[in-house]
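In what follows, a structure is listed as structure tokens, so that the remarks can point back to it.
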Amino acid sequence: MRQPDFGRHRADIDGLRALAVLAVIGFHLSPRWLQGGFAGVDTFFVISGFLITQLITRALDRGEFRLAGFYHQRIKRLLPAYLLVAACTLAVASWLLIPDDYVFYTTSLAASWGFVSNVFFSMLSWGYFGQRTEEFPLLHTWSLSVEEQFYFCYPLLLMLVYRHWRRHLDLVLVLLGVATLALSEWQTGKVGSYFLLPYRAHELVLGALTARLLRRRPPLAELAAPAAFAGLALTVGSMLLLQREHPYPGLNSLYPCAGAALLLYGGARVNPVSALLGWRPLAGIGLMSYSLYLWHWPLLSFLRYRRIPLDAGVGAAALAAIFAVSWLSWRYVETPLRRRREPLRASALRYYVAPASFFLAVGLYSYATDGAPRRFSPDARELLASYSYERDLGGACALRAGEYVGVTPAYLRGRCAFGSDGDARPEVLLFGDSHAQHFKPFVDQLARQAGLRAVFHVEGSCEPIDLAEPGQAPTSCQRRNADLLAVAGQYRYVMVSGRWTYKGDEALFARRLRRTAQAVEAAGATLVVFKDNPSTHTDLSRCILFKRRGWVGPERDCDFPWAEVLDAQGSMDRTIDALQAAMPQVRVVDSKRILCDARRCLTSIGNTALYKDDNHLNTQASRLLGQRYLAAAGNPLLPLRLSMNTHKEPAP
């Protein structure tokens, strides 16, 4: 075997890039194919830490490192190709996305040019694998922002250490890696731990430590191949065996990261694994891995947004399109502009300042106009306007699962009040999971008619009847429910709503409902239980929109079959009816009285779409249903003798 040559171009690293990007693309095409393919991003982080450390420390050793030159290289390497992707996705999004989604997209676009899209997605999504995230065209830019933030901080750290503690650089990196790994493991499971640099820094630092180890102690000839084989086994095994349900990143991220580090270390000497990774076709894919990463996700997300199934035929065509456009981007944009000689000021203006200013302006305009609705005809705007939902950006009253830390009536009154105007003491408490939030405009109509002030509290995936059993440590959800039931006596009405999923275990549902009802009754309040709104496993939320835009045939039925809804929810509805029969003071709200007849349940009423996904109502729809419910069934927030309206509207 040849001696290591640290100055040579390593084709095996290009092959490792290819392995990483192919894993990510395979996972995004179909998670069933490569369920741990998302770990390809971790491989990229290790490679980045490795190469950047080599680049900077060599220049520092020669006394030639300049921040301006470093950032000039990063600008030319990263921004021209992304500028093209940003412009193309903006063009497609402006034609395709409805206003609410367009606001989200353009805001994420502006955030990506501020190098903070990872922060944006950590604040506004339910996680990388969360609901509808596969339809966010720029979701993948979170990893680019992590690297860009690393490029801002890491050179400064190296310069500082080189000046004052040069002999202790390796120790500083070890301590930094251990500390950030511990932080990542501590926060694993929270959205921020997936997206944010502090919880990913250990992966980049591991690459840096690999570069330092390779410089100090190159692999012995007899150890290079075993290290590389072990690295390949760890890398491929991670991509095959890791699952999105596993806690991540944390300690589980060490499997793909250690694999990448071993491949980088062992590949310093030519061996069978490095020869395999350096195979020309594989290395060629690695050379254009950045363009592949940039282009694959927007194309797949737009297909999913259009509800085009990624079956074998469409998947193969999409893969071919990804490779074609990526090769064109790499050949005619990424490569020539990276090699182009021009001063830093010109590059910064052309590839960053001007486009960032433009995309920021687009984002501000979109936000100010609620999604630039004038992109559509006047006839389409009313329908499009109904595809909206309330945002609680600060997380004041609507929390992600597991984030509850405590709440008081004063807090609810100050931040989470709605209903009748004024400073009256709230007399209605609404709480539950995300279905409680989508019924909030519905309850607002009831509260306003009754002249009552209301408050609400939502925790994702937290059913309001989930209470800890005696002797068991409560979960975040159970603590939230217990805290709210403890103050139920301060309200006249306590309204609970959830996505009831107890089919097959109705006895548990009945026991939890009764326990909640007894707690509310003991507090002196009246319990109001929402039966769940109709939903099935098929997302028909945009069916009426696609029909109006001519994307599906006019014969397409966009409504839920009543038989499917009855099969899915009938047993829970009967359990709620049984509770009311046993405890007549309990009141029940059933939106299916408005939405369903004996044949179907509607997904639109007139020019108003009712759903924003397969089970959540839109804001306008919820408000409309509240108005219709008052007319058809009366107001459960009034004394019984006053609650029933003599005017009855038939179910649609």
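Read the figures in this text as sums done on the coordinates, not as results from a lab. Keep in mind the model is a prediction, meaning the values are calculated, not measured. Reconstructed Cβ throughout: ideal geometry from the backbone, glycine too, with neighbour counts over all protein chains shown.
Regarding segment 11-368, what are the three Cα extents along the principal axes, ordered largest first, in Å?
Projected onto the principal axes, the Cα atoms of segment 11-368 cover 57, 46, 41 Å.
I'd like the chymotrypsin sites (Phe, Trp or Tyr not before Pro) in segment 32-80 restricted to DSSP loop residues with at most 16 other Cβ atoms within 10 Å, sorted by number.
Hits after loop and neighbour filter: Trp33.
Restricted to Cα positions, what overall size does segment 344-501 have along the principal axes? Three whole-Å values, descending.
67, 40, 34
What percent do you get for the relative contact order of segment 11-368 when only Cα pairs under 8 Å and 6+ apart count?
Computed value for segment 11-368: 33 percent relative contact order.
Evaluate Rg over Rh across segment 551-609, taking Cα atoms for both radii and Kirkwood's formula for Rh.
Result for segment 551-609 is an Rg/Rh of 1.11.
Given C-alpha coordinates of segment 376-450, what is the ratio Rg to Rh with the Kirkwood estimate of Rh?
1.04
Could I get the Rg over Rh figure for segment 1-103? Both from C-alpha atoms, Rh via Kirkwood, rounded to two places.
Dividing the radius of gyration by the Kirkwood radius yields 1.10.
Collect residues whose amide H, placed 1.01 Å from N in the peptide plane, falls under 5 Å from the amide H of Ala398; neighbours closer than 5 in sequence don't count.
Val458
Take the Cα atoms of segment 165-268, find their three principal axes, and give me the spread along each one in whole Å, biggest first.
If we take the Cα atoms of segment 165-268, the spans are 42, 40, 14 Å.
Taking a Cβ-Cβ separation under 4.7 Å as the criterion for a possible partner, which cysteines of the chain have none?
Singleton cysteines: Cys88, Cys153, Cys257.
Apply the Debye scattering formula to the chain, with a single equal point scatterer on each alpha-carbon and no solvent, then give log10 I(q)/I(0) at q = 0.08, 0.11 Å⁻¹.
-0.69, -1.13
Enumerate the amide H contacts of Val588 below 5 Å, restricted to partners 5 or more residues apart or on another chain; note that Pro and chain-start residues carry no placed amide H.
Hits under the 5 Å cutoff: Val529.
Based on DSSP H runs of at least 4 residues, each adding -39500 (n - 2.57), what is the mean residue ellipticity at 222 nm of the chain after dividing by all its residues, to the nearest 500 deg cm²/dmol?
That calculation yields -18500 deg cm²/dmol at 222 nm.
Explain nothing, just the number: relative contact order of the chain, from Cα pairs under 8 Å at least 6 residues apart, as a whole percent.
RCO, the chain: 15 percent.
Give me the Å³ per residue figure for the convex hull around the C-alpha atoms of segment 398-640.
Per residue, the Cα convex hull of segment 398-640 comes to 133 Å³.
Report the trypsin sites (Lys or Arg not before Pro) located in segment 248-320 that are in a DSSP loop and have at most 14 other Cβ atoms inside 10 Å of their Cβ, or state none.
Sparse-neighbourhood loop trypsin sites (Lys or Arg not before Pro): Arg306.
From the phi angles alone, apply the Karplus equation (6.51, -1.76, 1.60; θ = phi - 60°) to segment 429-443 and give each ³J(HN,Hα) in whole Hz, x where the residue is Gly or Pro.
Working through the residues one at a time gives 10, 10, 8, x, 9, 5, 6, 5, 5, 6, 8, 4, x, 4, 5 Hz.
For segment 288-367, what is Rg from Cα atoms divided by 2.2 N^0.38 Å, rounded to two decimals?
Ratio of Cα Rg to 2.2 N^0.38 Å: 1.42.
About the Cα centre, and with charges only on the beta carbon of Lys, Arg (+1) and Asp, Glu (-1), how big is the dipole of the chain? Nearest 20 debye, please.
1960
How do Val92, Val85, Val178 line up, fewest other C-beta atoms within 10 Å first?
Placing the least packed residue first, the sequence is Val178, Val92, Val85.
How big is the C-alpha Rg of segment 398-490 next to the rule-of-thumb value 2.2 N^0.38 Å, as a ratio?
Normalised Rg, Cα atoms only: 1.08.
What net charge do the residues around Tyr128 carry, taking every other residue with its C-beta under 14 Å from that of Tyr128, with Lys and Arg at +1 and Asp and Glu at -1?
That sum, taken over residues with Cβ under 14 Å, equals +1.
Roughly speaking, what % of Cα-Cα pairs in segment 147-186 are separated by over 12 Å, rounded to a whole number?
Result for the distance tail: 65 percent.
Within segment 134-210, which chymotrypsin sites (Phe, Trp or Tyr not before Pro) sit in a loop by DSSP and count at most 15 neighbouring Cβ atoms inside 10 Å?
Answer in residue order: Trp165.
What is the log10 of I(q)/I(0) for segment 537-639, computed with the Debye formula using one identical point scatterer on each Cα and no solvent, at q = 0.12, 0.18 Å⁻¹?
Taking Cα atoms of segment 537-639 as identical point scatterers yields -0.48, -0.97.
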